[in-house]
Structures are given as structure tokens and as C-alpha cells.
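Visitor: Before we start, here is the structure in question, set down as C-alpha cells.
What follows is calculated from the coordinates using simple rules that are stated; it is not laboratory data. Since we're looking at a predicted model, the values are computed, not measured. Positions of Cβ are backbone-derived with ideal geometry, glycine not excepted, and every protein chain shown enters the neighbour counts.
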Amino acid sequence: MSAKMTKEPSGQGRHAVDAPPAAANAVHPVDPRLLVRQQGFKGYLTESLRKLRSGELGSLPVVLGLAIIWAIFQIKDSAFLSAENLSNLSINIVGTGLIAVGIVFVLLLGEIDLSVGSVSGLSAAIFAVLNVNQGMPEWQAVLVAIGSGALIGVVQGFFFAKVGVPAFVVTLAGLLAWNGLMLQVLGSSGTINIDDSGFVAKLTSYYFTDVGAAYGLAAAAVLLYFLTAFSDNRRRARAAIPSRPTSEIVLRTVGLAVPTFLAAYVLNQYKGLPLALLIFLAVIVLLEFVLRRTPYGRKIFALGGSVEAASRSGINVARVRISVFAISGGMAAIGGLFIASQIAAANQSAGGGNLLMNAIAAAVIGGTSLFGGRGSTWSALLGSLVIGSISSGMALLGVAAAVNFMITGAVLLAAAVIDSISRRTQKVSGRA
Amino acid sequence: MSATPVLALRGISKRFGAVQALTDVELEIHAGEVVALVGDNGAGKSTLVKVIAGVGPADDGVIEWEGRPVQVARPHDAQHLGVATVYQDLALCDNLDVVGNLFLGREIRRFGVLDEVEMERRSRELLNTLSIRIPSVRIPIASLSGGQRQTVAIARSLLGEPKVVILDEPTAALGVEQTAQVLDLVERLRERGLGVILISHNMADVKAVADRVGVLRLGRNNGFFDVRSTSQEEIIAAITGATDNAVTRRRARSPEASK
């Protein structure tokens, strides 16, 4: 699934291949100093190499890092890459990963949301109290919990966008306040167990045991990717603008097919396709589509690039900012429900500990820039895979949590260093 | 040149607290004409631009659009009339590519989704007709040189099919070659029948592309000159506003410097 990531950090660079076509509309002589991509497969290779050298690393560092981490743990303990462990890993990362998806949106604006941990705990508490204590139907309680998360985001976004309080401070206040509200909501009981047979509990315990489910999903994803790339290319060719060679599309499709079918195979070796993973992937694909292909997503990227330029071109800056914080709050609430589902309870420590740090770290490790304007929801998957792999491997080896924290911290620093250096390299080679 | 100006300012006045920034300023722009607006720092050029662009409406006076008096109270009003403004700081998004910047805020949609193919096709078409040379329409703005950014910003202002384009110091901070590119572009705007207001400090640029020069001094008109029949020194004298100033004294010292 990691190969779904394109090589570029931003979709804007996706078609950064632009030789003048053989068509006659290239009337003006092109400056000989300009880099012109050769047509065909060779051009694809040289272009990719040039991008790497100029600091557009995309998801390459995190994929390499993940491979190294997996190799080390596999050497230390052969159970690490077993189907059972990988299947469990794919479920364990979902809670943090969904929160990280919301963080990606906020990071794209160049801002930060420190309240997501507390909001996720509060959402679980609201759900448990409404459903278990008050007897509200489960689906209503889920909607209220997610709605509260989004509403919290709107409130925080209002103070940031309209009042002008720095997002860092607003959400730091939120971190404390929403944690307090969670304790208040939970009341004296402290822990509320949720219904084992309910929908929320099933979120992380249900598997599509039919082998066809995982393979079918993999096949559908690959086919969908190929068809959209192919039809997009045909439209480009018809409009006489540069298009990719078919060999490149085929290569990319194969690059996507290998890991997806491998993942499907491994999941089928254990219990099948986990529902949690399916939902996680669906959210990533949906929100990635929103970011790359809709005017709303373009506005978010524009704000991350230049607030001044965005507002002058008629974008309602405050509204976009508030909506992004609402998405972040809503995703935190959804993530909180998945975490509660795993332990089948809402308790006072929910949303605490290193959850917030892991969610932010996942987004950054996955390749979303801390400086705004660059990123992808896929970085939430890659980053949470790295963090989840480290803690899973450490647990297998029986290493203390202390070491786990130190290593995760080092990986986060490494990711931030790569982000900063690649940004500087891009500046030097004029691509940032 | 058409008889009715596209845009005419009549008796524009603007006050900021104790400062009378503009007093009874007149300005006419015809279609297919480049009018340079010059003046020393604080002469009121930027204030006048803001009046036209609707950013800072005038206290007094009338703006006429194709002969009819109009209200320009907001930037939206000016854009609606057909006035496009390219500010000095360009306001482009570094992380978006050329196509994304050109269509920012007016994206073309297809079934509610961004139509990248159509936007790219139109971008290439627009840049080709303006003979703008950039390596690719799909690279981030950050990769472009200052002159290329300026041309992209100007091209972007043309997407709204304006009739008047205001360029605020388009060649400031550009090199020789890049300045020439921007001036070429200004001439192409004129060929397309647009009225251009060019704000500049650079007399060489003004002499090169402008048809007329309007001089502002201390918030008042200080003469309009036909570029072909006026010397640079006369314009500078109008800008500084006196015959006895550093420039004329210098000329008196070195008679061969005057043409």
C-alpha cells in the first residue's frame, strides 16, 4: 500500500514533466538553459533522479526507514514479520493514524493542533456515557461524539482565525480544558466498559475472513488507479498538453500492485482484512482526493503557501482555517473511538500519554512538512506504520517503554531534520 | 485612440487624518494606451492605485468607466468593472505550480472537481499568446526567477479579461534581461487593446513603453507629458517640482549632460 504514494511530496509536482510537445504550439524558442524532459521512459528516470538530487524526496526516506526498521526487528525476532504480528500492527496503528490524518490538514496550513489527544479521549468518554450510561442508541452516540470533536475544532478555529490567538496557544489551552471536561464527563466511575458486541467494539475486532475481500480490495484499488491515470492521460493527450508515457503508467501501476497484493496475501494468512484497516484506507483516499482534486483542498494548500496571496485571490481565509480545525477535531474524535474500541472501554487515561506526540510525529515522519503547504494524508499511514512498528518490535523483544520513547523521539527528530534539510536543498536548487 | 477613455478619474481627493494624500487628481486611460504614473516617494501614487483598485476608496471625486460614473468601494467592484491590479509583492503561492497560481480563486471545475487538464491547456495557451517563456507550467512558483514570477503575476491578472491593468513597479528589483521581458509583455498588453497604468521609478522604462506620463507631486497632478516629445529632464523637473533642485543644479554644472 505504501507504493500508492507518488514520488513527489505534493500533487502539484505530479505533472512536473513538461517537454514542449511535438505539436506546433511550441512557437517560441525555448531557452536552452531550461531543463526539458525527454519523452518516454528514459525521461521519466532522469526526471526522477533530478528531483531526488534537488531535495524532492517525497516518501522515499520514510519507505527506506520502514524497510530498515522491519529488517532489524525481523533479524532480532523472526515473529516480527509474521502474518499475525503484521495484522495486529495494521489495526493498532489505526487510532493514532486517523488522528494523524487530521494533523496533516493542520500542518498543511503551517499550524499545529495540540488538543487532538484530549479531544480523542473526550470523544470516547462522551460515547461511553451516552451509550452505556444513558442508553442512547449506539449510532447516535457515535455521531454526537464525532460532532463534539468537530465542534471543538470550530471553537478553537474561531479563536485562532477570528480572534487572532496563535493556534499553538489556543490548542494548548484546549489540551488542558478538554482533558478536564473528559474527567468531568466520566464522573466518579473513572472507567466505563463499552458493549463488547456493539458496533464500536467491532471496529477493531471485525475481520472480513473471506480471502476474496482483501484480494478484491487490492484489485479494485489497482484497477481504479490504472483507469484514472489512463483516462486522465488520454484527456491530456486530446488537449495537446504533455502526458505521461504509457510505460510510466504501467510501471506505477505495477509499483502499486506489488505491495497491495502482498499486504492482502499476508492479511489473509491470519484472519483476513481487518475492518479498521479498511476504514483507515478509505478515509485516507477520500481526504487525499479532497486535498488534491477539489477547490477546497486547493485553498488549504494556497493558505499553506501564502496567506496574503490566498486572501487576495478571494479565498475566505478565516472560513478555511476554521474548517481545517474542525476536520482535525473530528478526526481526533474518530481516532478516539478506535482507541476506545481496542481496549473496549473509555477511561481516565484515554487521550493522554504519548498519543498526541505520536500523532504529530506520525504526520511529520510520513513526510508532511512542518512549514506548511506540503504533505499528503498518506503520510499519516506511513508515519504511523513506522511508529507502530517500533513499539510493536520493542514489545516483541521485551524492551522497556523507556527505550521505545527514546527511539521514537530520535526517529521524529530524524524526520524533522530530513524535512528541514530537503526544504533547504529545494531552496538552493530553486524548488521550494 | 478612442474618444471616451476606458477609465477616467475626475477630481479625486483622499485624506488620511491630517494628511491630504490626494487633491483633485485627474487621470484618463484609453484603450490600447500605456500611461506611466510617476512621482517621488509620498507623491500619492500608491494611494491613487488603491483608489482605483477599490482597496482605499476616495473621499471626493468621480470615477468614470467608459464614460459612466461608477462606485468603486471594494476590490470586488474594481475587478467586476475590469480593472486588474498587479501589486509589487506579487502575492503568489510558492508551493503551488504555475497553473495552480494562475487559476487560484477561479479554478475550473468539472463535476465539482478541479479540471487540471483544462486549466493546464488554458494556461499554456495564455502564456503562449503572451510569449511568456517559463520552463514548465507544472513546476512550483518557487523555481521561477523574479522576472518569470512577475510575468506569471501579470498573466494571472489577465485571466479575468480586464480592460485596464495596473502594474505597480513591475520592473523594480529585476535584471536587465528580465526587465526587457516584462516591458515586452507590457507592449503586448497594449497591442491587445488594454489600458495599462504603469507605476515606475525607472525613467528608462517609462520612456521605453509608455505613451503618456502623468506626474504626481505632493498629491496633486503636476502635468501630463507625451513621452516622445518630452525629455527625461522635463519629467524629472515635474516630479521634483522646482527648477531649482539637485537635478537642475547638476545640469547647470555640466552642460554637456543635457540633451
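Visitor: Using the Karplus curve 6.51 cos²θ - 1.76 cosθ + 1.60 with θ = phi - 60°, work out ³J(HN,Hα) for each residue of the stretch A:359-373 in order, rounded to whole Hz, and write x for Gly and Pro.
Guide: Whole-Hz 3J(HN,Hα) from phi for the stretch A:359-373: 5, 5, 4, 4, 4, 6, 4, x, x, 7, 6, 6, 8, x, x.
Visitor: At R0 = 30 Å, how high is the FRET efficiency between B:Arg109 and A:Glu308 if r is their beta carbon distance? Nearest 0.05 is fine.
Guide: On the way: r = 25 Å, r/R0 = 0.82.
Once the sixth-power term is evaluated, E becomes 0.75.
Visitor: Something else about it: Whose amide H sits under 5 Å from the amide H of B:Val34, counting only residues 5 or more places off or on another chain, with H placed in the peptide plane?
Guide: B:Val196, B:Asp211, B:Arg212
Visitor: Going by amide H atoms built from the backbone, whose H comes under 5 Å of the H on B:Gly39, apart from near neighbours?
Guide: The answer is B:Leu216.
Visitor: Additional query: May I ask you to derive the FRET efficiency for A:Ser420 and B:Arg192 from their Cβ-Cβ distance with R0 = 41 Å, giving the value to the nearest 0.05?
Guide: Efficiency at R0 = 41 Å is approximately 0.35.
Visitor: May I ask you to evaluate 6.51 cos²θ - 1.76 cosθ + 1.60, the Karplus curve with θ = phi - 60°, for each residue of the stretch A:305-318 and list the ³J(HN,Hα) values in order in whole Hz, giving x for glycine and proline?
Guide: Going residue by residue, I get x, 7, 5, 4, 4, 5, 5, 5, 8, x, 7, 7, 4, 4 Hz, with x marking Gly and Pro.
Visitor: Once the convex hull of the alpha carbons of the protein assembly as shown is built, what does its volume come to per residue, in cubic angstrom? Display every interim value, and only then the final one.
Guide: On the way: hull volume 133.7 nm³, N = 691.
Output value, Cα hull per residue: 193 Å³.
Visitor: Moving on. How would A:Leu223, B:Leu167, A:Leu256 line up from fewest to most surrounding beta-carbon atoms within 10 angstrom?
Guide: Ascending Cβ contact count within 10 Å gives the list A:Leu223, A:Leu256, B:Leu167.
Visitor: Compute the relative contact order of chain A as a whole-number percentage, counting only Cα pairs closer than 8 Å that sit 6 or more residues apart in sequence.
Guide: 32
Visitor: Compute the distance from the alpha-carbon center of the stretch A:56-115 to that of the stretch B:31-102, in whole Å.
Guide: Centre-to-centre distance over Cα atoms comes out at 50 Å.
Visitor: Rounded to the nearest 0.05, what FRET efficiency do A:Ala177 and A:Leu286 give with R0 = 30 Å and r taken as the Cβ-Cβ distance? Could you check?
Guide: Rounded to the nearest 0.05, the efficiency is 0.50.
Visitor: Multiplying the sequence separation of B:Met203 and B:Val176 by 0.36 nm and subtracting their Cα-Cα distance, what value in nm do you get?
Guide: 8.3 nm
Visitor: Restricting to Cα pairs below 8 Å that are 6+ residues apart, what does the relative contact order work out to for the stretch A:158-254? Please round to a whole percent.
Guide: So the answer I get is 13 percent.
Visitor: Under the Kirkwood approximation for Rh and a Cα-based Rg, what ratio Rg/Rh is obtained for the stretch A:128-208?
Guide: Taking Rh as the inverse mean 1/r over Cα pairs, Rg/Rh reads 1.08.
Visitor: Can I ask one more? So for the pair A:Leu151, A:Leu396, with labels modelled 7 Å out along Cα→Cβ, what separation do we get in nm?
Guide: Each label point is offset 7 Å from its Cα along the Cβ direction, giving 4.4 nm.
Visitor: Using the scaling law 2.2 N^0.38 Å as the reference, what is the normalised Cα Rg of the stretch A:313-356?
Guide: This ratio for the stretch A:313-356 stands at 1.62.
Visitor: Using the C-alpha atoms of the stretch A:273-365, what convex hull volume per residue, in cubic angstrom, is computed?
Guide: Per residue, the Cα convex hull of the stretch A:273-365 comes to 121 Å³.
Visitor: If Lys and Arg each add +1 and Asp and Glu each add -1, what is the summed charge of the other residues whose beta carbon sits under 10 Å from the beta carbon of B:Thr85?
Guide: +1
Visitor: Another question about this same structure. Just tell me which aspartates and glutamates come within less than 19 Å, Cα to Cα, of A:Lys202; anything on the same chain fewer than 8 places away is out.
Guide: Straight-distance partners of A:Lys202: A:Glu84, A:Glu138, A:Asp210.
Visitor: Moving on to the next point. State, as an integer percentage, the relative contact order of the stretch B:7-206 based on alpha-carbon contacts under 8 Å between residues 6 or more apart.
Guide: 26
Visitor: Moving to a separate point now. If packing is taken as the average number of other Cβ atoms within 10 Å across a peptide's residues, how do A:90-101, A:392-403 rank, most packed first?
Guide: Details: A:90-101: 28.1, A:392-403: 13.8.
Final packing ranking: A:90-101, A:392-403.
Visitor: Still on this structure: Within a 10 angstrom radius of each residue's Cβ in B:138-149, how many Cβ atoms of other chains show up on average? Whole number is fine.
Guide: 4
Visitor: Let me ask something else. Dividing the alpha-carbon radius of gyration of chain B by 2.2 N^0.38 Å (N being the number of residues), what value is obtained?
Guide: Chain B yields a ratio of 1.07.
Visitor: Calculate, axis by axis, the spread of Cα positions in the stretch A:218-307 along the three principal axes, and write the results as whole Å, longest axis first.
Guide: Rounded to whole Å, the extents work out to 47, 36, 16 Å.
Visitor: Can you list the DSSP H helices in chain B whose Cα atoms extend at least 15 Å along the helix axis and whose mean Kyte-Doolittle hydropathy is -0.5 or higher?
Guide: Membrane-span-like by this criterion, though nothing is claimed about a membrane: B:146-158, B:176-191.
Visitor: Translational D (Stokes-Einstein, µm²/s) of the stretch B:1-144 at 37 °C and 0.692 mPa s when Rh comes from the Kirkwood sum over C-alpha pairs?
Guide: Once the numbers are plugged in, D ends up at 185 µm²/s.
Visitor: Next up: Using only the Cα atoms of the stretch A:73-145, what are the Rg and Dmax in Å?
Guide: 17.3, 50
Visitor: Now for a different question. Anything over 24 Å Cα to Cα? Flag those among B:Lys45/B:Lys163; A:Lys299/B:Lys50; A:Lys299/B:Lys14; B:Lys45/B:Lys207; A:Lys162/B:Lys45, in the order listed. Could you put the intermediate results ahead of the total?
Guide: Working: B:Lys45/B:Lys163 20 Å; A:Lys299/B:Lys50 26 Å; A:Lys299/B:Lys14 35 Å; B:Lys45/B:Lys207 18 Å; A:Lys162/B:Lys45 32 Å.
Over 24 Å Cα-Cα: A:Lys299/B:Lys50; A:Lys299/B:Lys14; A:Lys162/B:Lys45.
Visitor: Let me ask another. Near the amide H of B:Ala21, under 5 Å away, which other amide H atoms are found, from residues 5 or more places off or on another chain, if H is placed in the peptide plane?
Guide: B:Lys14, B:Arg15, B:Phe16
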